[in-house]
Each structure stands twice: as structure tokens, then as C-alpha cells.
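The structure under discussion appears below in the form of C-alpha cells.
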Amino acid sequence: MFTIEPYDTKEENLFGHTLRFDETHEVFAAHFPGNPIVPGAVLVDVMRAVATEILGVEAQVVTVKNAKFITVIVPKNDLLLKITTRYTPAGEDYLFKSVIADEEKIYAKFDLLVKGKAL
């Protein structure tokens, strides 16, 4: 459904990932037929996968503290988005602040409370 790949942001404590969607995935045919868009739940799962990659352990989203869906994402195989993320400890969990954007616009912003489980 999607792939993420890390990249070096050259900025301390800022994590970067590229994001691509497989436009042929069945979820996009159902949401919405003839006019596919990426569901918000898929974007939260993208962020869970980013947290897993950053923490090095299986991450679980505990709370969506803030989610702003600014621009609709149409899944196209040639669409390359960038995710930038910072995180801080929050008790036993972590607060992840992320932005999904391309060179021209911001698509979504997230503040997620994440719990990491040992793999």
C-alpha cells in the first residue's frame, strides 16, 4: 500500500522519510471508486511505520493528539512525498510531531503519542 525510506535531513534531531503509495492497492479502489484518495487511517499507519523505523521497535499509536489533513492526497505511483519528524520522550511513551509535504504544499500534520514495544 505504501513504502517509506529514510533520508538524511542534515539537521540534528530531525528525521526524514520519503513516502510513496501503490495506486493499485485495493484500499484506494474502495476510497473512493473512480476518485481515489488516501484515507486518514492509512496516514496514521504511515506515521506508525515511521515511528517503528525511528525507534527500532514495533510502535503503537496510543493517542492522536492532533491530526490536520490539509490537502487531499491522491495516490499516484509517481507522487513522492517527504515526512519530517521530531520526537521527545513523554513519560513512558514518545510524542511524535510530523509533517507530510512535497516541494509545493503541506498535506498533513500529526502530533501522536506513541508507545514502543520490543521486537
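The values are calculated or read from the model by the stated rules, or taken from the named source; none is laboratory data. Computed from a predicted structure; not experimentally measured. Heads up, the Cβs are rebuilt from the backbone with ideal geometry, glycines too, and the neighbour counts pull from every protein chain shown.
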Residues located in segment 73-119, provided they are out of contact with any helix residue (DSSP H, G or I) (no Cβ under 7 Å at 6 or more places or on another chain), crowded, with 16+ Cβ neighbours inside 10 Å and small (Gly, Ala, Ser): Ala101
How many residues are modelled with pLDDT under 95 and either in contact with a Gly (Cβ under 6 Å, 6 or more places away or on another chain) or basic (Lys, Arg) (or both) when one looks only at segment 58-86? 1
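Looking for whichever is within 16 Å of Phe2 (Cβ to Cβ) and either among the aliphatic types (A, V, I, L, M) or free of Cβ contacts under 8 Å to residues at least 40 places away in the same chain (or both) here; the options are Val46, Val57. Which one fits?
Being within 16 Å of Phe2 (Cβ to Cβ) and either among the aliphatic types (A, V, I, L, M) or free of Cβ contacts under 8 Å to residues at least 40 places away in the same chain (or both) holds for just one of Val46, Val57, which is Val46.
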Gly34 fails exactly one of the following numbered conditions: (1) farther than 14 Å from Asp78 by Cα; (2) surrounded by 13 or more Cβ atoms within 10 Å (Cβ to Cβ). What is the number of that condition? (2)
